[in-house]
Amino acid sequence: MTVSASITAPATSGPRTLRSPEGLLRASVGLDAVGGIALGTAFIVLGNGFAAELTIPAGLLLAAGWFLVPFGLALGLLATEAVLRTRLVIALVVFNVLWVAASVALLTASWAPTAPLGVALVVAQGVLIAGVTAFEVAALAALHRRSGAAARPARPRPAR
């Protein structure tokens, strides 16, 4: 499968742009950005205070938070670029899949969160990230189908 290195699409949002693969891709990456910033901020602000209630180590929450905030800001920039670089979005999809896998691993680790609130947090963020990633994959697939259809020569119609 070959994917073009970038797509050119307006960096606008709205109901009409969500109907195009570019619009869905921009919206998905933008949602990923907002989610990363929100989750990272929550981990930073609440990490030390809620680590015991979540039974998740405070250091893990803080490290994830300090990673997610700048990562989310970078995704926000990616979503608003005039030319959306699909290779970066593919890398984002791979990263998101690894994040969800790490969330599952965290739940199965010997030191896994045992408090219902900690388990709920890990499951909820994993499910949300998987959902956003599904939209990103769907948009990338639609772009690939469209670029493949545009590259194929039109077949001549049989004469009647």
Rounded to the nearest 20 debye, dipole of segment 21-149 from Cβ charges on Lys, Arg, Asp, Glu:
340 debye
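Relative contact order of segment 21-149: what whole-number percent is it, with Cα pairs under 8 angstrom and at least 6 residues apart? Walk me through the intermediate numbers first.
Working: 133 pairs, mean separation 47.1, N = 129.
Relative contact order, segment 21-149: 37 percent.
Determine the sum of side-chain charges near Leu73: Lys and Arg each +1, Asp and Glu each -1, restricted to other residues whose C-beta is under 15 angstrom from that of Leu73. The partial results should precede the final answer.
Numbers: positive: none; negative: Asp32, Glu81.
Local net charge: -2.
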Find which of Leu121, Ser28, Leu107 sits farthest along the positive direction of the dipole of segment 21-149, computed with +1 on the beta-carbon of Lys and Arg, -1 on that of Asp and Glu, about the Cα centre.
Ser28
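Suppose R0 equals 30 Å. What FRET efficiency, 1/(1 + (r/R0)^6) with r the Cβ-Cβ distance, do Ala38 and Ala82 give to the nearest 0.05?
Step by step, r from the Cβ atoms, then E = 0.70.
Throughout, read-outs are computed from the coordinates displayed, never taken from laboratory work. Everything numeric in this text was worked out from a predicted model, so none of it was measured. As a convention, Cβ positions derive from the backbone with ideal geometry for all residues, glycine included, and neighbour counts pool all protein chains shown.
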